[in-house]
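The values are calculated or read from the model by the stated rules, or taken from the named source; none is laboratory data. The structure displayed is predicted, hence computed values, not measured ones. Counting neighbours? That spans all protein chains shown, and the Cβs are built from the backbone with ideal geometry, glycine included. Just the protein is used for accessible areas: all its heavy atoms, side chains included, with ligands, DNA and RNA removed. Shrake-Rupley method; radii C 1.70, N 1.55, O 1.52, S 1.80 Å.
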Amino acid sequence: MADIAVSRAGTVNGAGGRTSLHRLMQRKSTVAFLMALPLITVIVLLVVYPAIYSLHLATLNKSMERFVGFGNFTFLFGRETFWLVVKQSCIFAITAVVFKALIGFVVAHFVHNIPSKGQRKWRGMLLVPWVIPPAMSTLAWLWLFDPSYSAFNWILALFGIDPVPWTGDAYWARFSVILVNIWIGAPFFMIMYLAALKSVPEQLYEAAAIDGATWWQRIWYVTLPMMRNIIAITTLFSLIVTFANFDIVRVLTAGGPLDHTHVFATWAFRVGIEGGDIPLGASVSLFMVPILAVAAWFILRDITKRGNEA
Amino acid sequence: MTAVTASDAVAAPRPKYGSISKSRRWALRWSYFFLVLFAIFFLTPPIYMFITSLKSSAEISAATNPWWVFEPTLENYIELLTQNQYLIFFRNSAIVSVCVVSITMIISVLAAFALARMKFWGSATLATGVFLTYLIPETLLFIPLFKTFAFVRDTTGIELMNHWWTLIILYPTLTVPFCTWIMIGYFASIPKELDEAALIDGATWLQTLTKIFIPVALPGLIAATIFAFTVSWAQFLYPLAFTTSTDQLVLPVGIVTTLIKGDVFNWGQIMTGALLGAAPPLIIYAFLMDYYIAGLTAGATKG
């Protein structure tokens with residue numbers, strides 16, 4: 001479009017059509033390429049190269065001198081801790097994402113229900129967990145879960161309930177990790193869903209109300225179909241982030257008690273950086289790739305589909 | 001689609017309803033009730049941080065009501081802010097974040113402009129690639145990067161490990177893809193007539209960018225800046241893996257690793273440190289909430 005305009009200007013000036021236009025086009029694409037060059041450099045050097053390099057690393061032995069093929073992977077398959085980590089990562093990601101999505105959906109509805117004057121204030125308050133750096137808010141949770149001074153246990157004691165070993169017992173520790181994750185992530189869902197709710201035309205609800213739809217029918221037949229795209233994409237995003245999560249587990253339990261809260265990222269850190277076995281750590285983190293790839297594929301499909309519609 | 005599903009609802013039995021305004025009023029009351037419950041859930045940890053930060057060590061270990069401050073004191077704040085170590089963490093964090101934000105914005109605005117307006121060979125693929133890299137988490141990259149840095153040290157003698165400025169090299173991997181992505185969205189929404197007019201008037205591409213695109217897409221620019229700042233301020237994994245000396249740490253890692261001395265947790269100071277560390281993003285959020293939220297929602301709704 002812009003080129004046509006420029007070429008017209010060119011012919012008016014009588015500078016001679018084809019060759020100068022051609023040169024201009026060439027120059028434009030060169031300029032564009034140069035402008036994108038820093039981005040390409042960053043992506044290639046710091047994302048693509050390490051990603052491929054980790055494939056190579058995963059096939060080396062501990063001292064990184066000898067090629068062992070799939071040796072690291074077969075070693076992992078034989079270890080009980082590895083299967084524990086696989087199980088925990090999946091439970092952790094799926095449970096957390098489901099509850100984040102549910103709570104986000106419910107809270108978004110409540111915020112949407114109240115008069116729009118007060119919505120800003122509530123929205124601002126409810127997004128606070130998302131704004132605080134996760135490492136720091138997890139510290140607050142760690143203190144709330146403290147074995148001897150837990151403020152939650154103090155409240156429970158008022159009702160005569162025995163102290164809960166929040167981070168001491170394997171099952172409670174998993175619960176705590178998931179709870180903190182939900183606490184941090186639910187506001188994000190809330191904000192996304194609220195934006196989506198605002199884009200549903202009010203007439204649809206009016207029409208549904210006139211037709212005598214109950215509130216459940218309104219949600220099922222009007223709200224959910226209208227929000228389907230946002231729900232799908234937010235869930236997939238969150239799945240990626242939750243599955244690859246590191247901060248929360250690291251600060252809250254550091255994988256304990258007895259590796260019963262380790263997920264791929266924290267275990268890869270423990271094995272690769274702290275344990276000094278870089279190839280094994282790389283192999284562990286590579287196990288995140290399949291689920292990430294599936295989620296990414298769905299997201300990309302959705303985005304290109306919407307791009308074609310527009 | 002919705003028209004069809006909405007007409008399905010007609011088939012359902014009609015509920016008996018009295019006055020709509022009455023049921024609305026009840027819905028409103030329930031909404032407020034649950035909002036208060038959720039607000040308590042979402043705000044308890046930061047409030048408890050604040051409560052603890054006002055307590056002395058003696059009061060923390062006393063068997064009194066933990067939710068109340070009986071003798072408020074600022075000693076934790078004074079101690080932290082006069083302590084050299086914490087100020088170094090804060091300085092490191094601030095320098096790293098500011099540098100990362102500047103680098104990110106320069107790289108991503110230039111690239112987004114090129115990708116949104118000036119097509120070149122492979123530009124469509126690159127745009128998709130940018131989005132894909134955003135989906136690659138840092139937990140996948142830190143081990144190969146760790147090894148690469150060791151390799152750089154062995155071959156060139158440049159020590160990249162255990163320096164806070166290394167983080168300036170690393171953080172753009174987290175910020176650049178997303179910022180580029182949302183800037184592409186904002187730039188693409190600018191009507192083509194604007195830059196065509198500028199081109200006809202003889203503006204160069206750089207002038208079109210600085211005189212038209214940046215001013216028009218300023219809200220997007222602010223949103224991307226806030227995003228880049230929050231991400232680099234909060235990043236935990238890279239500094240934990242790449243820096244170890246106490247004078248090279250940034251805030252999140254510094255608080256987690258140094259305030260815990262052995263098995264003794266000085267909770268008053270930890271909470272104070274965490275609260276002060278969370279302050280910059282919270283302050284930015286308080287003043288620029290709309291931009292913050294725009295940036296959050298832009299990632300998924302634009303594009």
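Of B:80, A:142, the residue with the largest accessible area leads and the full order is A:142, B:80 (1.4 Å probe).
Compute the FRET efficiency between residue B:158 and residue B:39 as 1/(1 + (r/R0)^6), taking r as their Cβ-Cβ distance and R0 = 51 Å, and round to the nearest 0.05.
0.55
Taking a straight Cα-Cα cut-off under 16 Å and skipping sequence neighbours fewer than 8 places away in the same chain, the aspartates and glutamates within cross-link reach of residue B:147 are A:65, A:274, A:277, B:138, B:159. When the Cα convex hull of the range A:46-124 is projected onto planes of every orientation, the mean area is 9.1 nm².
For a Förster distance of 25 Å, can you work out the FRET efficiency between the beta-carbons of residue B:204 and residue B:125, rounded to the nearest 0.05?
Efficiency at R0 = 25 Å is approximately 0.40.
A simple charge model with +1 on the Cβ of Lys and Arg, -1 on the Cβ of Asp and Glu and nothing else charged puts the dipole of the protein assembly as shown at about 1780 debye relative to its Cα centre.
Remark: the residue A:301-residue A:75 segment gains 77.8 nm on full extension, using 0.36 nm per residue and subtracting the alpha carbon distance. How big is D, in µm² s⁻¹, for the range A:141-182 by Stokes-Einstein at 4 °C and 1.567 mPa s if Rh is the Kirkwood radius over C-alpha pairs? Answer, rounded: 125 µm²/s. In the elastic network of chain B, a GNM with C-alpha springs shorter than 10 Å, the most mobile of B:94, B:150, B:228 is B:150. Summary value for chain A: 24 percent relative contact order, contacts being C-alpha pairs under 8 angstrom separated by 6+ residues. Within chain B, all pairs of alpha-carbon atoms sorted by distance into 10 Å bins from zero give the percentages 5, 19, 23, 21, 17, 10, 4, 0, 0. Accessible area per residue (1.4 Å probe, heavy atoms of protein chains only) ranks B:292, B:32 as B:32, B:292, with the largest value leading. From the alpha carbon centroid of the range A:113-146 to that of the range B:213-249 is 20 Å. Result for chain A in a Gaussian network model with C-alpha springs under 10 Å: among A:238, A:176, A:148, the largest mean-square fluctuation is at A:148. Using every pair of distinct Cα positions in chain A, the Kirkwood expression returns a hydrodynamic radius of 23.8 angstrom. Among complete DSSP H helices in chain B, those whose alpha-carbon atoms stretch at least 15 Å along the helix's long axis and whose mean Kyte-Doolittle hydropathy reaches 1.0 are B:84-117, B:123-135, B:172-188, B:218-234, B:267-287. Screening chain A for whole DSSP H helices of 18 Å or more along their axis (Cα) with average Kyte-Doolittle hydropathy at least -0.5 returns A:17-43, A:80-113, A:170-198, A:224-243, A:289-309. Non-local lysine pairs in the range A:75-309, meaning eight or more places apart or on different chains, with alpha-carbon distances under 30 Å, amount to 8. In the protein assembly as shown, one over the average inverse separation of all distinct C-alpha pairs is 26.6 Å, which is the Kirkwood hydrodynamic radius. Computed over chain A with a Gaussian network model linking Cα atoms closer than 10 Å, the most mobile of A:91, A:291, A:161 is A:161. Dipole of the protein assembly as shown computed with +1 at Lys/Arg Cβ and -1 at Asp/Glu Cβ about the Cα centre; of B:42, B:162, A:235, farthest Cα towards the positive end is A:235. Loop-located GluC sites (Glu not before Pro) across the range B:95-204 with a Cβ neighbour count of 14 or fewer within 10 Å are B:159, with loop assigned by DSSP.
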